[in-house]
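**Q** I'd like to ask you about the structure that follows.
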Amino acid sequence: MYYIHKIASITHQDSFNQTDVNDSLVEIAEDTVLISPDYKKYVLPASLRRLSPILRMAVAAAKECQEAITIPVEAISVGTALGCLTDTEKFLNVINTVEGEILSPTAFIQSTHNTIAGLISLELKNHSYNMTHTQNNLSLEMALIDSMLCCDEGKEFVLLGVADEAIDFLNKLKPIVLPENSIVTSGTTFFALSKKKSTAEIGFLACNSIIKPKGVEVEIVLFLRELKIEINEIDRVYTNQNSLDFPKEIVVNYEAYSGLYFTANAFGVHMAHDWLIKTAKKYALIVNSGCNNSLGLILLKNDKAQN
Amino acid sequence: MEIFITGYGVISSIGTNVEENLSSLMQERTAIKQGLNSYTSKFKVGEVALSNDALKSAFDLKTDGSRTALLGMVAAKEAFKNHSHFNALRTGLISGTSVGGMDISEVEYRKEMAGEKPNYKKYFHHPSGTTSEQIATEIGITGFVNTISTACSSAANAIMMGARLIQSGQLDRVVVGGTDCLTQFTIYGFRSLMIFDDEWCKPFDNSRKGLNLGEGAGFLVLESKKSLEITGKEVLAKLSGWSNASDAYHQTASSPDGDGAILSMKQALKQARLEPHEINYVNAHGTATPNNDLSESKAFINVFNGKVPPFSSTKSYTGHTLAASGGIESVFAILSIQNGLLFPNLNHTSPIEETGLIPIINIQKNIEVTHVLSNSFGFGGNNSTLIFSKI
């Protein structure tokens, strides 16, 4: 088990530092916006001005997780599907409009995917392992698999996180590249992970990510069989899929609350985590199925479950 | 657990396969020259001379994709040639890239800005993750596919990730490396940082001014012992050490003393259970920027206690291929071990004043090369070291 010692999400929900994110959920609509904390508490005002939304929210969520544990994390593993889109688009505009030789490098510097994890290491003055995974909708799974490896290799605490940001341009890609009825949003979720239990109750038990799965149901059966868990032991399923072979009453569509960003399954994990604590149930499965024929499966377990 | 390397593939400006790259290295022949495309023609770059269509037909590529993906397919295909698929083996692919499909997106974006009708469908190729999925499709790998994006250390980190997944037993065999093509986006980006040399770059030279950009891809096949028993492949070399550490100093610049570089080299040596003096050759990151080369040189002096082994930067041949560099240079490291060669650092005339370190100036042949250390450092102080060893 890889215990979740702290979890922090900044999303279009009022999710940051809430005891239970499920308490105040509202269905995402076109006009919902990112609900940001006061970033000045996390980044010096002078630096804050230069930071795009994705960098602000990721640094704030990461710092919350680091501050919740007493010792510095020994690895930072970040997943992002599309990276720093605001700065990428800004620099595309700059190179197509600015005449002459002098270009401002700020947008370019902050356009690379690893700006997120790099900035976190800078802000935390952390010299440890620092990784950025980008595998479309499986970016959380990849960053999580790396975090689990880091824990297995003996690192006491690992900072795991995902972040993706919406820009208006993405709406132009509907319905060709992105689903027609989707509401494109931004969000970040960070976790402080450790194999040490101490006061934690919920942990990641397993994660699998598959390109070209044999079928969602088949893969779920194989995944659970490997863990020696029966399908009917799953208490709740969080998914972005419409038709899953589980009783309707235990299936929650997380995308209705996160909106569409390709690491939103991390918010599904957050919802599942808080639900398991509240109900003292044992297992929650997060099923993340992408349009590019890929499947991510994450199983959360509650050690304190009553059954 | 030992990590065996049983395949390698490379495409760069100095050659479209391993053999051609080796031949250029041996002949001390750079391919950096004035660019061929509208956005590269003002600069000296290490450009692969084949167009996308030429790449597709020359290498019989069946999968469509960005230039980044196509270059990756060429190198991954070469690495994986003569390898078969086995049901008993879990085979994955991990690729590093920094630009992904930007070469396509930047063209569509510019069209739209100019009032032309864009083809939004083309943005399908944009995500970095998609480039890896396309490479995996081309060589028939499904299941585990991952992309690392840590700027110029991406490929080195992809190789490291693959080794760790084998070590943990999650994969038996994995195709690992990286790919990046030249784009207007990166060329203007590095120009905005003002770290270009208008002439041929001079790594580790006192008068170095900056880097030349390049493009290409480099991939390896890593296998566990269990996998070898099934595939029966010949082992080219071993991956014996790896490490990643963070400089945590500045968004782009390296710390003056190379703190992150020191950490990553020391940790990789420790993991390989090697003493610094056992390293026979260092393939440096050596971008030829004033900042990197001084910082990396100081880190060498620290890690090797003043007795720095023969070292060079092969970026004087290929240009800085960004996310691909760790993959391409890993192939060069293995070639060094296999052929007993130490590759020279071109364009070097005077050592850096502060350190006095002199890189390898001419090709060295018939050298017993047992262990090679290869550095890749990325933006944001992402420092990675790989160590390759003779079997």
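**Q** Over all residues in B:128-138, what is the mean tally of Cβ atoms on other chains that come within 10 Å of each residue's Cβ? Can you show the working numbers first?
**A** Values: counts 11, 16, 4, 1, 4, 8, 0, 0, 2, 2, 0.
Shielding by partners across B:128-138 averages 4.
**Q** Choose one answer from A:Thr88, A:Thr115, A:Thr97: the residue with the largest mean-square fluctuation in a GNM of chain A with alpha-carbon springs under 10 Å.
**A** Fluctuation is largest for A:Thr97.
**Q** Using amide H atoms built in the peptide plane, which far-off residues or other-chain residues are under 5 Å from B:Tyr281 H to H?
**A** Residues meeting the amide H criterion: B:His371, B:Leu373.
**Q** Considering the options A:Trp275, B:Gly15, A:Thr185, tell which one lies farthest towards the positive end of the dipole of the protein assembly as shown, charges being +1 on Lys and Arg and -1 on Asp and Glu at the Cβ, about the Cα centre.
**A** B:Gly15
**Q** Let me ask something else. Counting only residues 5 or more places away or on other chains, whose amide H sits under 5 Å from the amide H of B:Cys201 once H atoms are built in the peptide plane?
**A** B:Asn212
**Q** Could you grab the Rg to Rh ratio for chain B? Cα atoms only, Kirkwood for Rh. Please report the intermediate quantities before stating the final value.
**A** Numbers: Rg = 19.4 Å, Rh = 20.4 Å.
Value, to two decimals: 0.95.
**Q** While we're looking at this one, here's another question. Ranked highest first by average number of other Cβ atoms within 10 Å, how do B:384-391, A:258-265, A:132-139 line up?
**A** Working: B:384-391: 24.9, A:258-265: 26.9, A:132-139: 31.5.
With the highest mean Cβ count within 10 Å placed first, the list reads A:132-139, A:258-265, B:384-391.
**Q** Further question on the same structure: So if a site counts as exposed when it's one of the GluC sites (Glu not before Pro), its DSSP state isn't H, G, I, E or B, and it has at most 11 other Cβ atoms within 10 Å, what's the longest stretch of chain A without one? Before the final figure, lay out each step's value.
**A** On the way: sites that count: A:Glu27, A:Glu30, A:Glu99, A:Glu101, A:Glu180, A:Glu230.
Answer from the scan: A:102-179.
**Q** Evaluate peptide A:117-129: per residue, the Cβ atoms of other protein chains within 10 Å of its Cβ; return the mean as an integer. Provide the component values of the computation, followed by the final result.
**A** Working: counts 5, 13, 2, 3, 9, 8, 1, 2, 3, 2, 12, 5, 10.
Counting other chains' Cβ atoms within 10 Å and averaging over A:117-129 gives 6.
**Q** I would also like to ask the following. Within region B:241-389, how many Lys pairs sit with Cα atoms under 22 Å apart, leaving out pairs fewer than 8 places apart on the same chain?
**A** Count of close lysine pairs: 8.
**Q** Give the average, rounded to an integer, of partner chain Cβ atoms located within 10 angstrom of each Cβ in B:244-254. If you can, show how the numbers build up before the last one.
**A** Details: counts 5, 5, 15, 5, 11, 4, 3, 10, 5, 0, 0.
Other-chain Cβ atoms within 10 Å of each residue's Cβ, averaged: 6.
**Q** Using packing as a proxy for protection, rank B:244-254, B:129-139 so that the peptide with the highest average count of other Cβ atoms within 10 Å comes first. Write down the numbers at each step before the final one.
**A** Working: B:244-254: 22.0, B:129-139: 26.5.
Ranked by mean Cβ neighbours within 10 Å, highest first: B:129-139, B:244-254.
**Q** Could you work out the relative contact order of region B:156-286, using alpha carbon pairs under 8 angstrom and six or more residues apart, expressed as a whole percent?
**A** Values: 123 pairs, mean separation 30.1, N = 131.
Relative contact order of region B:156-286: 23 percent.
**Q** Same structure, new question: What's log10 of I(q)/I(0) for region A:2-194 at q = 0.14, 0.16, 0.18 Å⁻¹, Debye sum over Cα points only, no solvent?
**A** So the normalised log intensities work out to -0.82, -1.05, -1.28.
**Q** Output wanted: per-residue J couplings in Hz (rounded whole) for region B:233-247, from phi through Karplus 6.51 cos²θ - 1.76 cosθ + 1.60, θ = phi - 60°, x for Gly and Pro.
**A** 6, 6, 8, 8, 5, 10, 9, 9, x, 7, 6, 10, 9, 10, 6
**Q** Let me ask something else about it. Gaussian network model of chain A, Cα springs within a sub-10 Å range: biggest mean-square fluctuation belongs to which of A:Asn181, A:Asn253, A:Asn22?
**A** Ranking A:Asn181, A:Asn253, A:Asn22 by mean-square fluctuation puts A:Asn181 first.
**Q** Would you kindly derive the ³J(HN,Hα) couplings of region A:158-167 from the backbone phi angles with the Karplus curve 6.51 cos²θ - 1.76 cosθ + 1.60 (θ = phi - 60°), listing them in order in whole Hz, with x for Gly and Pro?
**A** 10, 9, 10, x, 9, 7, 8, 10, 8, 10
**Q** To continue, here is another question. Largest first, please: the extent of the C-alpha atoms of region A:117-229 along each principal axis, to the nearest Å.
**A** Largest first, region A:117-229 extends 46, 42, 24 Å along its Cα principal axes.
**Q** Report, in cubic angstrom per residue, the convex hull volume of the C-alpha atoms of region A:202-302.
**A** Details: hull volume 9.3 nm³, N = 101.
Cα convex hull per residue, to the nearest whole number: 92 Å³.
**Q** Rg (Å, one decimal) plus Dmax (Å, integer) for the alpha carbons of region B:1-141?
**A** In order Rg, Dmax, the Cα atoms of region B:1-141 give 17.1, 58 Å.
**Q** Follow-up. How many nm separate the modelled label positions at A:Glu156 and B:Glu19, each set 7 Å beyond the Cα in the direction of the Cβ?
**A** 5.6
**Q** Sticking with this structure for a sec: Bin by bin, in steps of 20 Å, what percent of the Cα pairs in the protein assembly as shown do you find, going until the bin that has the longest distance?
**A** Each 20 Å bin holds this share of Cα pairs: 20, 55, 24, 1.
**Q** What range in chain A is the longest one free of trypsin sites (Lys or Arg not before Pro) that are in a loop by DSSP and have at most 10 other Cβ atoms within 10 angstrom? Don't jump to the answer; show the numbers that get you there.
**A** Values: sites that count: A:Arg49, A:Lys125, A:Lys228.
Counting only loop sites that pass the neighbour cut-off, the longest clear stretch is A:126-227.
**Q** Choose one of B:Asn119, B:Thr30, B:Phe86: the residue whose Cα lies farthest towards the positive end of the charge dipole of region B:1-127 (beta-carbon charges +1 Lys, Arg; -1 Asp, Glu; about the Cα centre).
**A** B:Asn119
**Q** Could you go through region A:58-65 in sequence order and give the Karplus-derived ³J(HN,Hα) for each residue, using 6.51 cos²θ - 1.76 cosθ + 1.60 with θ = phi - 60°, rounded to whole Hz, and x for Gly and Pro?
**A** Going residue by residue, I get 5, 5, 5, 5, 5, 5, 4, 5 Hz, with x marking Gly and Pro.
**Q** Suppose a student asked you for the relative contact order of chain B, using Cα pairs under 8 Å spaced at least 6 residues apart; what percent would you report?
**A** 23
**Q** Within chain B, which complete DSSP H helices have Cα atoms spanning at least 15 Å along the helix axis and a mean Kyte-Doolittle hydropathy of 0.5 or higher? Write down the numbers at each step before the final one.
**A** Working: long enough: B:67-80 (19 Å, 0.76); B:102-113 (16 Å, -1.00); B:128-138 (16 Å, -0.75); B:154-167 (20 Å, 0.79); B:259-271 (18 Å, -0.15); B:290-303 (20 Å, -0.54); B:325-339 (21 Å, 0.83).
Those that clear 15 Å and a mean of 0.5 are B:67-80, B:154-167, B:325-339.
**Q** Among the listed pairs B:Lys81/B:Lys122; A:Lys172/B:Lys56; A:Lys125/B:Lys225; A:Lys41/A:Lys174; A:Lys40/A:Lys304; A:Lys90/A:Lys278, give every one whose C-alpha distance is greater than 32 Å.
**A** Values: B:Lys81/B:Lys122 30 Å; A:Lys172/B:Lys56 30 Å; A:Lys125/B:Lys225 39 Å; A:Lys41/A:Lys174 37 Å; A:Lys40/A:Lys304 37 Å; A:Lys90/A:Lys278 43 Å.
Over 32 Å apart, Cα to Cα: A:Lys125/B:Lys225; A:Lys41/A:Lys174; A:Lys40/A:Lys304; A:Lys90/A:Lys278.
**Q** When the scattering of region A:1-98 is computed by the Debye formula from its Cα atoms alone, each counted once and equally, what is log10 I(q)/I(0) at q = 0.16 Å⁻¹?
**A** Those come out to -0.88, one per q.
**Q** Mind running the shape call on region B:241-389? Use the C-alpha gyration tensor, a ≥ b ≥ c as the square roots of the eigenvalues: rounded below 1.5 for a/c, prolate if a/b tops b/c, oblate otherwise.
**A** On the way: a/c = 1.38, a/b = 1.20, b/c = 1.15.
It comes out rounded by the Cα gyration axes.
**Q** As I understand it, the value is the acute angle between the Cα axis of helix A:265-279 and the longest principal axis of the Cα atoms of chain A; what does it come to in degrees, rounded to 10?
**A** Taking the Cα atoms of chain A, the angle to A:265-279 is about 40 degrees.
**Q** A follow-up question, please. Using Cα positions and a limit of under 15 Å, work out the aspartates and glutamates in reach of B:Lys33, with same-chain residues fewer than 8 apart set aside.
**A** Here the aspartates and glutamates satisfying the reach criterion relative to B:Lys33 are B:Glu47, B:Asp197, B:Asp198, B:Glu199, B:Glu215.
**Q** If the elastic network links every pair of Cα atoms under 10 Å, which of B:Asn157, B:Asn52, B:Asn292 fluctuates the most in the Gaussian network model of chain B?
**A** Result for chain B, Cα springs under 10 Å: B:Asn52 fluctuates most.
**Q** Over chain A, what is the mean sequence separation of C-alpha contacts under 8 Å (at least six apart), divided by residue count, expressed as relative contact order in percent? The partial results should precede the final answer.
**A** Working: 657 pairs, mean separation 75.3, N = 307.
Rounded, it is 25 percent for chain A.
**Q** For B:Asp64, A:Asp303, A:Asp235, A:Asp168, give me the order by solvent-accessible area with a 1.4 Å probe, most accessible first, ignoring ligands, DNA and RNA.
**A** Details: B:Asp64 85, A:Asp303 60, A:Asp235 40, A:Asp168 130 Å².
Order by accessible area, largest first: A:Asp168, B:Asp64, A:Asp303, A:Asp235.
**Q** While we're on this one: Using 7 Å Cα-to-Cβ label points, what is the B:Met1/B:Thr349 separation (nm, one decimal)?
**A** 5.2
**Q** Further question: Taking amide H positions as placed in the peptide plane 1.01 Å from N, state which residues far from A:Ala206 in sequence (5 or more) or on other chains have amide H under 5 Å from it.
**A** Sorted by chain and number, the residues that satisfy this are A:Leu299.
The values are calculated or read from the model by the stated rules, or taken from the named source; none is laboratory data. Computed from a predicted structure; not experimentally measured. Note: ideal-geometry Cβ built from the backbone for every residue, glycine included; neighbour counts use all protein chains shown. To get the accessible areas, we keep the full protein, side chains included, count just its heavy atoms, and leave off ligands, DNA and RNA. Shrake-Rupley method; radii C 1.70, N 1.55, O 1.52, S 1.80 Å.
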